[in-house]
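To start, the structure itself, in structure tokens.
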Amino acid sequence: MIKIALSLMLLIGTLFSKDYTLDAKYDIHYGFFGTIGEANANLKIDNDTYKIKLEAKAQGLVKILSSNRVEIYESTGIVKDGLFVPNIFISTKIKGDNKNVRRYLIDHKKKEVVLLRSSINDGVASDSRTILPYYSKNDILTLFFNLKYLLGEDFKVKDGQKFVAIGASKRDGKVNIENIPKQNFRDIAKLLKKPENLLTVVLNQKIFSSQKGEMFVNLDDDGICLSAVLKDVVMFGDIRGELVSLIKR
């Protein structure tokens, strides 16, 4: 369940300057369980380099059921022509005494991504090295931080526009981002608080055990995600994420 909570927190793109820090906190809600998790995102830009860190934790009953699961996602790289360009993307998942780390080393000149895995499961350590079957200029964090620049001021997906991100689908990194059809817009807007710019996102991962794996997101004019809803999750119903605090400096 914490992976579902984390997925709701990925859309936190923003405008920035040469020296910039952003801290955002999101709460995850599900029905009568109330708040089941939280995610904290941090962006720090120092001249032409950046670091993004996103940490998600389960709370309450979910914390107990998930063995105090924590997931951390980190992206580091450079800022070039107004876009985040990652060099390293790290995914860390901790559950009890088990820990799994994936380090993606991105070579933009060779258009190659090397994946280094290290894990400790039930006291047994293992390591591996593979080359991904695909390449992308973005990881799953930078894609959404760059979203405003990729879509434009109106946040509209262009015909034929495709999105790929390291850390998304294992097979090809595909991410579906779509405009919401006019006939569905009013109903979906009712699900989100103070709707502004609405999009449908599918990350193409097993965590989306809903009818279509669709997540509806509500972005402000700076590209910051204000709220999100993952509809009709099997056994859970709607899971909602909401921005509860935002600090820029």
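The values are calculated or read from the model by the stated rules, or taken from the named source; none is laboratory data. All values reported here derive from a predicted model rather than from experimental measurement. Virtual Cβ from ideal backbone geometry, glycine too; neighbours counted across all protein chains shown.
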Whichever residue in the range 144-179 is without any contact (Cβ under 8 Å) to a residue 40 or more places away in the chain and aliphatic (A, V, I, L, M) and, among such residues, is surrounded by the fewest Cβ atoms within 10 Å (Cβ to Cβ): V164
Residue by residue through the range 149-166, note down the ones that are farther than 17 Å from P181 by Cβ, of a type in the set (D, E, K, R) and touching a strand residue (DSSP E or B) at 6+ places or on another chain (Cβ under 8 Å). K162
Those residues of the range 107-122 that are touching a strand residue (DSSP E or B) at 6+ places or on another chain (Cβ under 9 Å) and touching a residue at least 24 places away in the same chain (Cβ under 8 Å) come to a total of 3
Could you grab me the full set of residues in the range 72-99 that are polar (S, T, N, Q) and either within 16 Å of the chain's Cα centre (by Cα) or buried (at least 16 other Cβ atoms within 10 Å of the Cβ) (or both)? S75, T76, S91, T92
Being at pLDDT 90 or above and of a type in the set (S, T, N, Q) is the filter here; which residues of the range 57-87 pass it? S75, T76, N87
Output for the range 1-42, where each listed residue is of a type in the set (D, E, K, R), modelled with pLDDT of 55 or more and either farther than 23 Å from E214 by Cα or in a helix (DSSP H, G or I) (or both): K18, D19, D23
So, in the range 180-206, how many residues would count as being surrounded by 11 or more Cβ atoms within 10 Å (Cβ to Cβ) and of a type in the set (D, E)? 1
Of the residues that sit in the range 190-234 and are assigned to a loop (DSSP other than H, G, I, E, B) and under 13 Å from V175 (Cβ atoms), which one is modelled with the highest pLDDT? E214
Exactly one of (1) assigned to a strand (DSSP E or B); (2) at pLDDT 85 or above; (3) closer than 27 Å to V164 by Cβ; (4) not acidic (D, E) is unmet by I120. Its number? (3)
Being assigned to a helix (DSSP H, G or I) and closer than 22 Å to T76 by Cβ is the filter here, so list the residues in the range 137-181 that pass it. I140, L141, T142, L143, F144, F145, L147, K148, Y149, L150
